[in-house]
Amino acid sequence: MNLVAALDKEKGEALRKKYEKQLEHYTSDKEDVSEQAKELEAERDLSARRADRFDGGEALLEIGLVICSITLLAKNRGFWFGGMAVGATGVILAVTGLLLH
């Protein structure tokens, strides 16, 4: 279909209408895809915030375990209670990750 050589105005008009329809279709799809992308970005951000809370909770639990282990070496109950407090804080931090919306 050599439009330039033939200078067929009917073919040119038909092609123009065809491309206008495609343009309208792509314009409407662009809005739908943009909306879907925003929803996926929000879901990604929520997952990242939850992961941060879970990681922080895990780190505090591990620190609490180490502090509790010092009790065996130092034979001081203060380390035991301190480790339990840090571990409990880690559990609370991890649970808050489940409560995020």
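The values are calculated or read from the model by the stated rules, or taken from the named source; none is laboratory data. Since the structure is predicted, the reported quantities are computational estimates derived from the model, not experimental observations. Cβ coordinates were reconstructed from backbone atoms using ideal geometry, including for glycine residues, and neighbour counts include every protein chain displayed. Keep in mind that these areas ignore ligands, DNA and RNA; they rest on the heavy atoms of the full protein, side chains included. Shrake-Rupley method; radii C 1.70, N 1.55, O 1.52, S 1.80 Å.
Looking at the structure I just gave you, is Leu73 surrounded by 10 or more Cβ atoms within 10 Å (Cβ to Cβ) and at pLDDT 85 or above? Don't jump to the end; show me each part of the working.
Details: surrounded by 10 or more Cβ atoms within 10 Å (Cβ to Cβ): no; at pLDDT 85 or above: yes.
Spelling it out, it is not the case that Leu73 is surrounded by 10 or more Cβ atoms within 10 Å (Cβ to Cβ) and at pLDDT 85 or above.
Return the total of residues in the stretch 21-68 being among the small types (Gly, Ala, Ser) and touching a residue at least 12 places away in the same chain (Cβ under 8 Å). Outline the logic, then answer.
To start, the set of residues in the stretch 21-68 that are among the small types (Gly, Ala, Ser) comprises 28, 34, 37, 42, 47-48, 51, 56-57, 59, 64.
Narrowing further to those that are touching a residue at least 12 places away in the same chain (Cβ under 8 Å): 51, 56-57, 59, 64.
Going through the stretch 21-68 one residue at a time, the tally reaches 5.
Looking at the stretch 8-57, which of its residues are open to solvent by 100 Å² or more (accessible area, probe 1.4 Å) and under 30 Å from Ala88 (Cβ atoms)?
Arg49, Asp52, listed by residue number.
Quick grid of which residues meet (1) touching a helix residue (DSSP H, G or I) at 6+ places or on another chain (Cβ under 7 Å); (2) of a type in the set (A, V, I, L, M, F, W, C):
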| site | (1), (2) |
| --- | --- |
| Asp55 | no, no |
| Cys68 | yes, yes |
| Lys75 | no, no |
| Phe79 | yes, yes |
| Gly87 | yes, no |
| Val95 | no, yes |
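Counting only residues that are free of Cβ contacts under 8 Å to residues at least 12 places away in the same chain and part of a helix (DSSP H, G or I), which one in the stretch 76-94 is least open to solvent (accessible area, probe 1.4 Å)? Steps first, please.
Quick first cut of the stretch 76-94, residues free of Cβ contacts under 8 Å to residues at least 12 places away in the same chain only: 76-78, 81.
Adding the requirement that they be part of a helix (DSSP H, G or I) leaves 77-78, 81.
On the way: Arg77: 177, Gly78: 47, Phe81: 131 Å².
The residue in question is Gly78.
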